[in-house]
1. For segment 95-116, which residues satisfy the criterion of being open to solvent by less than 60 Å² (accessible area, probe 1.4 Å) and farther than 19 Å from THR2 by Cβ?
2. Are there any pairs, at least 6 apart or on different chains, whose C-beta atoms fall under 7 Å, with the first in segment 117-131 and assigned to a helix (DSSP H, G or I) and open to solvent by less than 40 Å² (accessible area, probe 1.4 Å) and the second at pLDDT 90 or above and of a type in the set (Val, Ile, Thr), and if so, which?
3. Are any residues in segment 57-67 open to solvent by 30 Å² or more (accessible area, probe 1.4 Å) and either aliphatic (A, V, I, L, M) or over 18 Å from ASN26 (Cα atoms) (or both), and if so, which ones?
4. Quick check on segment 19-52: of everything there that is small (Gly, Ala, Ser) and within 13 Å of the chain's Cα centre (by Cα), which residue is modelled with the lowest pLDDT?
5. When only residues in segment 79-94 that are under 15 Å from the mean Cα position of the chain (by Cα) and modelled with pLDDT under 95 count, which is surrounded by the most Cβ atoms within 10 Å (Cβ to Cβ)?
6. Look at segment 46-74 and say how many of its residues are in a strand (DSSP E or B) and in contact (Cβ under 8 Å) with a residue 24 or more places away in the chain.
Amino acid sequence: MTKFESSIKQVAAPQAAVYAKLSDLNHLKALKDRLPEDKVKGLSFDADTLSVEMAPVGKITLQIVEREPEKCIKFGTVTSPLPFNLWIQIVPVTEQECKIKLTIGIELNPFIKNMVQGPLQDGLEKMVSMLAMIPYA
């Protein structure tokens, strides 16, 4: 399994608040209007599942498969051209700040890895930056 990791981003919110918001996908309603419609279409979600159509990848459906309170949220793919796992890790810095990092684990052959490595890393960086900017209060 190949792992891709985002950079670590500082979040100006307590670890518990970040975990509470990200572990219930219904809280993503506030982000829906911020996503570029030319890249992301058909976004739908409930508390545990997120579906989105992304150009040129197609439809991806993620489901929360494990919650480790205040520390980690693990997702698995239900629908995806390439099955993968996604982890959101949350680590406290102070009582009012924490850090987050995203990790994707995916089975890739060497040819496909060379093709998707750049876009996948770029996508992770955009996601972690977006998650760091969410108002968690």
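1. CYS98, ILE100
2. So the pair list comes out as LEU124/ILE104; VAL128/ILE100; LEU131/ILE100.
3. Within segment 57-67, VAL57, LYS59, VAL65 meet the criteria.
4. Per the stated criteria, the residue is SER51.
5. Among residues in segment 79-94 that are under 15 Å from the mean Cα position of the chain (by Cα) and modelled with pLDDT under 95, the one surrounded by the most Cβ atoms within 10 Å (Cβ to Cβ) is PHE84.
6. Selection size over segment 46-74: 7.
The values are calculated or read from the model by the stated rules, or taken from the named source; none is laboratory data. Not measured: the values here are computed from a predicted model. Note that each Cβ is placed from the backbone with ideal geometry, even for glycine, and that neighbours are counted across all protein chains shown. Note: areas computed on protein heavy atoms with side chains; ligands, DNA, RNA excluded. Shrake-Rupley method; radii C 1.70, N 1.55, O 1.52, S 1.80 Å.
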